[in-house]
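FYI, it's all coordinate maths here, none of it is from the lab. If you're wondering where the values come from, they're calculated on a predicted model, not measured in any experiment. Cβ sites come from the backbone with ideal geometry, for glycine too, and all protein chains shown count toward neighbours.
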Amino acid sequence: MLIEVHPENADDRKIEQIVHILENDGLIVIPTDTIYAFAVSLNSKKGLEKLAKIKEVKLKKSEFSLILNNLSSISNYTKPIDRRIFRVIKNAIPGPFTFILQANNQVSKLFGSNKKEVGIRIPNHGLTSSIIEKLNHPLVSSSVHDQDEIIQYTTDPFAIFERHEHEVEAVVDCGFGNNVASTIVDCRTEEPSILRQGAGIID
């Protein structure tokens with residue numbers, strides 16, 4: 001299913017349609033402020049398994065990120081964050097960053113493993129934020145990225161749909177996405193460090 005949504009003025013009925021799919025264990029493709037991403041509900045075990053399958057990894061060994069729409073619930077998934085690190089994150093969001101933080105036991109339970117870290121994303125994208133707000137909990141995501149494919153594959157929602165229509169329940173079409181991934185920032189120590197320079201710039 002291809003769901004066309006206006007990027008700046010999303011129809012509430014379409015948001016409800018997307019959330020309904022997620023609540024029923026659906027795997028979808030959503031836009032972010034960087035490239036398109038596969039996404040499932042954090043509360044869906046079947047959805048997590050679908051995400052692991054399409055990325056060809058074992059769920060226990062996956063490195064998926066949580067997408068939140070603000071920092072209010074971050075402590076549900078991470079160990080206590082140093083004040084300086086918290087300020088760095090707060091000043092950078094919403095934006096094209098993935099912050100690697102120390103995970104708490106809740107994350108281990110969700111992924112059925114002894115995960116020590118978790119990636120946190122708070123993208124600057126109104127539709128993604130609206131989906132999470134309506135869903136009332138984070139999404140679990142992994143970018144739509146295949147190094148064997150041309151750049152257009154990861155930026156064109158119709159091309160994504162053509163490739164994955166039999167593997168996902170829906171592709172949310174908000175027009176062409178970007179072709180630069182998020183900047184990954186390791187925040188597990190007192191001094192944050194860039195693991196991958198992407199679209200985001202840390203001041």
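Taken about its Cα centre, the stretch 2-196 carries a charge dipole of about 1160 debye when Lys and Arg each add +1 at the Cβ and Asp and Glu each add -1 at the Cβ.
Computed 3J(HN,Hα) for the stretch 57-72, one whole-Hz value per residue from the Karplus formula 6.51 cos²θ - 1.76 cosθ + 1.60 where θ = phi - 60°, is 9, 7, 4, 5, 10, 6, 10, 6, 9, 8, 9, 10, 10, 6, 8, 4, glycine and proline marked x.
Taking the number of Cβ atoms within 10 Å of each Cβ as an exposure proxy, the fewest-first ranking of 83, 163 is 83, 163.
The stretch 58-100 and the stretch 117-145 have Cα centres separated by 11 Å. Please sort by residue number the GluC sites (Glu not before Pro) in the stretch 15-91 whose DSSP state is loop and whose Cβ has at most 16 other Cβ atoms within 10 Å. Answer by residue number: 56, 63.
The C-alpha atoms of the chain occupy a region whose extents along the principal axes are 44, 36, 35 Å, arranged from largest to smallest. Put in order of Cβ neighbour count within 10 Å, fewest first, the listed residues 81, 131, 3, 201 become 201, 81, 3, 131. Please name which of 62, 123, 94 has its Cα lying farthest along the dipole of the chain towards the positive end, using unit charges on Cβ (Lys, Arg +1; Asp, Glu -1) and the Cα centre as origin. Sorting the options by dipole projection puts first 62. A straight line joining the Cα centroids of the stretch 15-49 and the stretch 150-203 runs 15 Å. Within the straight-line cut-off of under 16 Å between alpha carbons, the aspartates and glutamates reachable from residue 55 are 63, 146, 148, 149, 165, 167, 169, sequence neighbours fewer than 8 places apart in one chain being disregarded.
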